[in-house]
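Q: Quick one: this structure, given as structure tokens, is what I'll be asking you about.
Here, each number is a calculation from the coordinates, and none is a lab measurement. These numbers come from a predicted model, not from an experiment. Cβ placement follows ideal geometry from the backbone for every residue including glycine, while neighbour counts extend to all protein chains displayed.
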Amino acid sequence: MTTPNDPITATSPLARLRAHMALAAKPARRKAEDITLIAISKTYGGEAILPLLQEGQRVFGENRVQEAQAKWPELKAQYPDVQLHLVGQLQSNKAEDAVALFDAIHSVDRPSLVIALAKAMEKLGRRIPVFVQVNIGAEEQKGGCAIADLPALLRQVREAGLPLAGLMCVPPAEIEAAPFFALLDKLADENGVEGLSMGMSGDFETAIQLGATHIRVGSALFGARG
Ligand SMILES: *Cc1c(COP(=O)(O)O)cnc(C)c1O
């Protein structure tokens, strides 16, 4: 990993992605090692995930608690240092299951969920980092808190003692993501938050140039989902 791979000669999707991450980081004067690649394995089974584990990838993301419960305990038994991130919407009644299985949660977006997570962490004696998701394009059907509600929600997260890792967003599809990434970065600055979970297969390079600390990449690693 010390010699940046060449994206042309890289022999696996993971090696290619790592090479592209390094290329994107350079002009932004960032180090690729400072950016966490979360391999989003939703809909894929163990047979697709194992090759990535064998190649050294250890941080994975899922969007559903039940799906992750079905496939990860076995994989984690083989690779105990795996870190599992929840990137999909979370119902409050699944907060305890989520805290038990996952090592980070990217979709904290409302007061009731903060309360449920604080309770679950207290009960399980396990505190895991959380990202507050922002509905950055103000889209009706999307998860995430409204920009106007962000300061109050962050205050609540801090007062509840949840480890605050950063902000997360999924920008509107089909339009240029850069302005939304820049806005998330600005909101993080204004609110004294460090981490930025942003960028997916189609736009992770832009996200890296705009300050992403965590990128969430699925199809570029696993192929298109069916
Ligand atoms: C599926 C998903 C991703 C990965 O998307 P790709 O386009 O496959 O890279 C990232 N973030 C979230 C929240 C997702 O649900």
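Q: With a 10 Å cut-off between alpha carbons and a GNM built on the chain, which of R29, R216, R58 moves the most?
A: R29
Q: What order do you get for L90, L53 when you list them from fewest to most C-beta neighbours inside 10 Å?
A: Least crowded to most crowded, the residues run L53, L90.
Q: If Lys and Arg each add +1 and Asp and Glu each add -1, what is the summed charge of the other residues whose beta carbon sits under 12 Å from the beta carbon of M121?
A: +2
Q: Taking 0.36 nm per intervening residue step and subtracting the Cα-Cα distance, what contour gain separates E139 from D189 on full extension?
A: 15.7 nm
Q: Cα convex hull of the chain: how many Å³ per residue?
A: 131
Q: Need one number: nm distance between label points at I8 and R158, each 7 Å from Cα along Cα→Cβ, rounded to one decimal.
A: 4.9
Q: Could you give the length gained on full extension between K123 and K26, defined as 0.36 nm per residue of separation minus the Cα-Cα distance, in nm?
A: That works out to 30.6 nm of additional length.
Q: Here's something else I'd like to know. Would you look at the GNM of the chain, springs on alpha carbons closer than 10 Å, and say which of D97, D109, D81 moves the most?
A: Evaluated over the chain, the most mobile residue of the options is D81.
Q: Can you tell me, using C-alpha contacts under 8 Å and at least 6 residues apart, the relative contact order of the chain as a whole percent?
A: Across the chain, relative contact order equals 20 percent.
Q: Could you pull out which residues in region 77-92 have an amide N less than 20 Å from a spot 7 Å beyond the Cα of I115, following the Cα-Cβ vector?
A: 90-92
Q: Along the positive direction of the dipole of region 34-219 (beta-carbon charges: Lys, Arg +1; Asp, Glu -1; about the Cα centre), which of Q133, N191, L84 reaches farthest?
A: Positive-end residue among those listed: L84.
Q: A further question on this structure: About its Cα centre, what dipole magnitude does region 34-219 give when the only charges are +1 on Lys and Arg Cβ and -1 on Asp and Glu Cβ, stated in debye to the nearest 20?
A: Around 660 debye, computed over region 34-219.
Q: Let me ask something else. Add -39500 (n - 2.57) for each DSSP H run of 4 or more in the chain, then divide by its residues: what number comes out at 222 nm, to the nearest 500 deg cm²/dmol?
A: When only DSSP H runs of four or more count, the value is -11500 deg cm²/dmol.
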